[in-house]
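Input: a single structure, listed below in structure tokens.
Just so it is clear, none of the values below were taken in a lab; they were calculated from the coordinates. It should be emphasised that the depicted structure is a prediction, and the values quoted were computed from it without experimental measurement. Note: ideal-geometry Cβ built from the backbone for every residue, glycine included; neighbour counts use all protein chains shown.
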Amino acid sequence: MIEEHTAASEEVAQAKQAMAASKEGKPTMHIKVYSPFKTYYDETSYSISAVNATGPFDILPHHHNFMTLLSPCVLLIRPLTGRAEQRIRISGGLMHVKADKVTIFLDI
């Protein structure tokens with residue numbers, strides 16, 4: 001019960017962040033980076049950069065549906081205003097982009 005309440009309150013906080021950013025006129029998307037046992041990032045952000053077999057690329061809000069295998073690289077996530085860029089070193093993974101939601105599965 002406590003875990004459900006905590007998850008619900010986190011979702012409300014994320015929704016408020018997204019609404020505040022959209023009021024500034026900047027589109028946002030939700031990014032989640034996780035492995036089977038740990039969540040590395042789970043927030044609303046402006047963009048993410050990564051590398052796949054064809055080279056480096058960026059995902060921005062309103063990106064078309066997309067799925068790719070990620071190469072070893074450093075993910076660069078640009079969070080909402082006032083926060084430092086997040087860098088996450090990965091050895092590979094799977095990225096799925098759909099409807100302004102980016103999900104990255106690591107250690108698969």
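What the table shows:
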| quantity | calculated |
| --- | --- |
| Computed label-point distance, nm, for sites Lys26 and Lys38 using a 7 Å Cα→Cβ extension | 2.8 |
| Per DSSP, loop chymotrypsin sites (Phe, Trp or Tyr not before Pro) in the stretch 25-64 with at most 12 further Cβ within 10 Å | Phe37 |
| Estimated FRET transfer efficiency when R0 is 25 angstrom, pair Ser91-Phe57 (beta carbons, to 0.05) | 0.90 |
| Environment charge of Ile59, counting only residues whose C-beta is closer than 14 Å and scoring Lys/Arg +1, Asp/Glu -1 | +2 |
| The stretch 29-108: relative contact order in percent, alpha carbon pairs under 8 Å with at least 6 residues between | 33 |
